[in-house]
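The values are calculated or read from the model by the stated rules, or taken from the named source; none is laboratory data. This is a predicted model, so every value here is computed, not measured. We place every Cβ from the backbone using ideal geometry, glycine too, and count neighbours over all the protein chains shown.
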Amino acid sequence: MPLQPKFSITQTDSSLTLKVRVPFVKVSDLEYRIIDERHLYFSCKPYLLRLQLPGRVHDEEHVDTTAKYDWNIDHGTIFLHLVKKQPGEAFEDLDMLSKLMAPKPVFPKRSR
């Protein structure tokens, strides 16, 4: 069963920085994707993180989207730099991590 890593998110006018603590991992196992401009999938065995972002970001193939690994911080920390689709947009509630992890309904409510 995957573990949920400790993480934090900060923002500037043009980007988000996701700091993910993943001690003692094999960096070649790192995988991350942006799905539908709002959903982040992050995996680095044995860790798994799925987030719903409050705003839109460019996908992982954007030239300024990067992932950097730093062994010296907590025996392994990955910094993901994500670029906002709309520079200047403020993403609300980034400090409410459980809200970012809460799944949204997949199907619209039925009317009666």
- Message: Quick check on region 68-87: of everything there that is under 14 Å from CYS44 (Cα atoms) and β-branched (Val, Ile, Thr), which residue is farthest from the chain's Cα centre (by Cα)?
- Response: THR77
- Could you tell me whether any residue of region 8-21 is among the hydrophobic types (A, V, I, L, M, F, W, C) and either farther than 19 Å from LYS99 by Cα or out of contact with any Ser or Thr (no Cβ under 9 Å at 6 or more places or on another chain) (or both)? no
- Query: When region 7-33 is examined, which residues are found to be surrounded by 15 or more Cβ atoms within 10 Å (Cβ to Cβ) and within 22 Å of PRO46 (Cβ to Cβ)?
  - Reply: PHE7, ILE9, LEU18, LYS19, VAL20, ARG21, VAL22, VAL25, LEU30, TYR32
- Message: Just checking, does region 5-25 include any residue being modelled with pLDDT of 95 or more, part of a strand (DSSP E or B), closer than 19 Å to ASP64 by Cβ and among the basic types (Lys, Arg)?
- Response: yes
- Message: Residues to consider are GLU37, GLU60; find the one that is buried (at least 17 other Cβ atoms within 10 Å of the Cβ), farther than 19 Å from GLN4 by Cβ and modelled with pLDDT under 95.
- Response: GLU60
